[in-house]
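Single-structure report; data block below.
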Amino acid sequence: MIDIKYIRANPDIIREAIRNKNEKADLDALLSADEERRRLQYQFDNLKAQQNSVSQIIATKKRAREDAAAEIAEMGKVAAEIKAIQADLSQANALMDRLMLTIPNIPEEGVPIGLDESLNEVIRHEGEPLNYDFELKDHLDIAEANRLLDLPRGAKISGSGFPIYSGFGARLERCIINFMLEYHLQKHGYTELMVPLAVNRKAMTGTGQLPKLEEDMYHIAEDDLFLIPTAEVPVTNIYADEVLSYKDLPKKFVAYTPCFRREAGSYGKDTRGLQRLHQFNKVEMVRFVQPEDSQAALDEMLQDAEDILKAFGLHYRVLSLCSGDLSFASQRTYDLEVWAPGSQKYLEVSSVSNFGEFQARRANIRYKDAEGKLRHLHTLNGSGVATPRLMIALLETYQQADGSLKLPEAIRPWLELKI
RNA sequence: GGAGAGGUGACCGAGCUGGCUGAAGGUGUGCGCCUGCUAAGCGUAUGUAGGUCAAAAGCCUACCGAGGGUUCGAAUCCCUCCCUCUCCGCCA
């Protein structure tokens, strides 16, 4: 959420942000709703002031056992007026709140401007693709040959996009998750959380998934709960409606969760194997920082995510997302795309974003700075990383001519753990 | 799911036979005084949001879990919902 005072003072910046982000928010409707709301609030305040002062007189007279019938009669009229205005006012406020939630965050200075992913900027490449002297298979063929996945049966019991990892595939998946968690805990200083996988509407609104993306989420109607599309939602919301001290910041959390996405409207796109799923595993990093630290924190988190790919010896590239590809709440995002040699393409495994105070305003997360002033803190998050495409890259990168796998050194101790 | 108790400021805790309560008292915190130092003590200040204002001060409004209602007037009365605790039931 953007500060309404800022919106009022800089409507052109907001208009441009809406355009650059390819959003449909109606700024003019918002501005006029704001005006109407303030007009009513002013009337309401004045009537209330009148009511309060006359109420004092009534109270005084009653205590002195004097007659206050005239005042009471007069206030009867004022009370009726207040009631009428109050109804209008609460309607105006509701409209205002609704419109405020449709205004996206503003892309930061330096974010490439563009409406779709074709204008994302490749910043750099890291690592080298390996050389092979045999015909490469893609991950699904490798998985089938090694019986790592059972996608047909996953589809049978849930639908396509709900994978079953079986045997060594399940074990590998679990070890990868554990490796990433421990890496962030031990080398990057995060604190681990295990969080609810179903969250309420307020939490989803706080991080900015709602109201825009309701169609993309699994909804449990009976309890009005949503399955989380990312751990960002529960983790970022843990401090909703709270005031932290500047001494508590920064806070760095990491959480593993399954993620659920309906992927409405993307049927038939990148569906082979594990490329696009309704349920997948992800290790997510979330930070709460003071505003002046968020730029540096973003760079650090990007590095934290990259460290995982480096540890696995994978080739990848770093993208700066253009304005139109930024999520609704983000003001700057870097994507990591890992190279999948069997499929011959780069696959997104991580998205690292700075939300500035946008989410903190929505979720009402504040902190008291060194001067004792209340301010909204900044939130960031990044995948560290999502497993399905990481799995694709690992299988395709480390396949052998005989169809077997030679996994990187880093993960082996985890797979060889004896009890 | 059933029965009961409760949700007040950073925290504890009064108020809850409606008006003088933005809210006693205490703790904590800031500033000052006092004091070899510390502790104790004394004084004083200390919520958030919106409006007015060039700004500050001041003033006005709202906020005692959330939303409605009764009333001239609600932290106080009524209704609905949410949450916490205790007991019972069910259950991994």
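The values are calculated or read from the model by the stated rules, or taken from the named source; none is laboratory data. Just so we're clear, the structure is a prediction, and the values are computed from it rather than from any experiment. Glycine also receives a Cβ, built like all others from the backbone with ideal geometry; neighbour counts cover every protein chain displayed.
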*State yes or no: is A:ARG65 of a type outside the set (Asp, Glu), under 30 Å from A:HIS378 (Cβ atoms), more than 8 Å from RNA strand B (Cβ to nearest atom) and loosely packed, with under 15 Cβ neighbours inside 10 Å?*
no
_region A:378-406, residues that are over 25 Å from the mean Cα position of the chain (by Cα) and in a strand (DSSP E or B)_ = A:GLN399, A:LEU405
*Across region A:159-202, what is the number of residues that are free of Cβ contacts under 8 Å to residues at least 40 places away in the same chain and either out of contact with any helix residue (DSSP H, G or I) (no Cβ under 7 Å at 6 or more places or on another chain) or aliphatic (A, V, I, L, M) (or both)?*
13
_Residue identified as within 30 Å of A:GLN41 (Cα to Cα) and of a type outside the set (S, T, N, Q) among A:PRO104, A:PRO112, A:PRO163, A:PRO152_ = A:PRO104
_Verdict on A:GLU215 being of a type in the set (Asp, Glu), under 23 Å from A:GLY265 (Cα atoms) and at pLDDT below 95_ = yes
_Residues that are near RNA strand B (Cβ under 9 Å from one of its atoms) and surrounded by 13 or more Cβ atoms within 10 Å (Cβ to Cβ), drawn from region A:39-56_ = A:GLN41, A:PHE44, A:LEU47, A:LYS48, A:GLN50, A:GLN51, A:VAL54, A:SER55
*Which one of the conditions (1) closer than 30 Å to A:HIS139 by Cβ; (2) acidic (Asp, Glu); (3) surrounded by fewer than 16 Cβ atoms within 10 Å (Cβ to Cβ) does A:ASP241 fail to meet, given that it meets all the rest?*
(1)
_Set A:ARG361, A:ARG375: member being in a helix (DSSP H, G or I) and touching a residue at least 12 places away in the same chain (Cβ under 8 Å)_ = A:ARG361
_Count of residues meeting criterion [in contact (Cβ under 8 Å) with a residue 40 or more places away in the chain and farther than 21 Å from A:LYS212 by Cα] in region A:236-275_ = 24
*Within region A:127-151, considering residues that are surrounded by fewer than 16 Cβ atoms within 10 Å (Cβ to Cβ) and part of a helix (DSSP H, G or I), the one farthest from the chain's Cα centre (by Cα)*: A:ALA145
*Out of the residues in region A:353-399 that are under 23 Å from A:THR236 (Cβ atoms) and of a type in the set (Phe, Trp, Tyr), which is farthest from RNA strand B (Cβ to nearest atom)?*
A:PHE355
_Could you go through region A:236-246 and let me know if any residue there is part of a loop (DSSP other than H, G, I, E, B) and away from RNA strand B (no atom under 15 Å from the Cβ)._
no
*Please go through region A:152-172 and pick out each residue that is surrounded by fewer than 20 Cβ atoms within 10 Å (Cβ to Cβ) and assigned to a helix (DSSP H, G or I).*
A:PRO152, A:ARG153, A:ALA155, A:LYS156, A:ILE157, A:PHE168, A:GLY169, A:ALA170, A:ARG171
*Name the residue, out of A:ASN10, A:ASN93, A:ASN105, that is in contact with a helix residue (DSSP H, G or I) (Cβ under 8 Å, 6 or more places away or on another chain), among the polar types (S, T, N, Q) and away from RNA strand B (no atom under 11 Å from the Cβ).*
A:ASN105
_Inter-residue pairs, beta-carbon under 8 Å, first touching a residue at least 60 places away in the same chain (Cβ under 8 Å) and in region A:31-57, second near RNA strand B (Cβ under 9 Å from one of its atoms), 6+ apart_ = A:ASP34/A:ILE4; A:ASP34/A:ARG8
*asked:* As an exercise: evaluate A:LEU89 against (1) in contact with a Leu (Cβ under 9 Å, 6 or more places away or on another chain); (2) farther than 22 Å from A:MET1 by Cα and give the number of the one condition it does not meet.
replied: (2)
